[in-house]
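Novice: One structure is given below, represented as structure tokens, and several questions about it will come after.
Just so you know, all these numbers are worked out from the coordinates, no wet-lab data involved. What you see is a predicted model; the values in this text were computed from it and never measured. Cβ: placed from backbone, ideal geometry, glycine included. Neighbour counts: every protein chain shown.
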Amino acid sequence: MPLMQGAAEVAIIMGSDSDWPTMKSAADSLDRFGIGYEVEVVSAHRTPDKMIAFGKAAAGRGIRVIIAGAGGAAHLPGMVASVTTLPVVGVPVQLARLEGLDSLLSIVQMPAGIPVATMAINGASNAGLFAARILASGNAELSAQVAAYAQELEALVEQKNQALIAGL
């Protein structure tokens, strides 16, 4: 049974519990907007039957976006995308070797017909924000929250600019 945070519209899955320190940033982004999510370890290589069942059942449980983080061979996002029509957002998780490039290439190089939106290496925060934007496309209140967040970022940049200028 997955960990639930509110009525889940987003599933955050990962190949191993060791990916959670990276993937937690996706949960933090969703928390910012009050978006419910579930979290579960679903390994493409060690639990393929569970992964297929998860992907096939996700939409029926009310999930609208899947964020899938994986390191190394990183087949989880693409394999889940192959068994669902839901949008899948892949997060390449950096491991000790190859600085995450293996994960990035495994996720971004999907065959035609199996799309996976791919974030930067360890880009789970943006994965959560991207999921929020997907959900906001049909929700005016959430869209306003996402727009307000963008304005906060703009104001923060201006504050940093003014601090830099004042310090010169």
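Novice: Using the Karplus curve 6.51 cos²θ - 1.76 cosθ + 1.60 with θ = phi - 60°, work out ³J(HN,Hα) for each residue of the stretch 84-100 in order, rounded to whole Hz, and write x for Gly and Pro.
Specialist: Values per residue, Gly and Pro as x: 9, 9, 5, x, 10, 10, x, 10, x, 9, 6, 10, 5, 9, 6, 6, x Hz.
Novice: To the nearest 10 degrees, how steeply does helix 140-167 sit against the main Cα axis of the chain, on a 0 to 90 scale?
Specialist: Taking the Cα atoms of the chain, the angle to 140-167 is about 50 degrees.
Novice: For the chain, what is the mean residue ellipticity at 222 nm derived from helices alone (per DSSP H run of n ≥ 4: -39500 (n - 2.57); sum divided by total residues; nearest 500 deg cm²/dmol)?
Specialist: -14500 deg cm²/dmol
Novice: While we're looking at this one, here's another question. Using the beta-carbon distance between Trp20 and Ala59 and R0 = 30 Å, what value does 1/(1 + (r/R0)^6) give for FRET efficiency, to the nearest 0.05?
Specialist: 0.80
Novice: Follow-up. So what's the angle, to the nearest 10 degrees on a 0 to 90 scale, between helix 20-32 and the longest Cα principal axis of the chain?
Specialist: Relative to the chain, helix 20-32 is tipped by roughly 60 degrees.
Novice: Then there is this: Quick one: helix 48-57 against the long Cα principal axis of the chain, what's the angle to the nearest 10°, folded into 0 to 90?
Specialist: So the inclination is approximately 60 degrees.
Novice: Mean separation of Cα pairs under 8 Å and 6+ residues apart, divided by the residue count of the chain: what relative contact order is that in percent?
Specialist: Over the chain, the number comes to 22 percent.
Novice: Please compute the modelled spin-label separation between Gln109 and Ala150, points set 7 Å along Cα→Cβ, answer in nm with one decimal.
Specialist: 3.4
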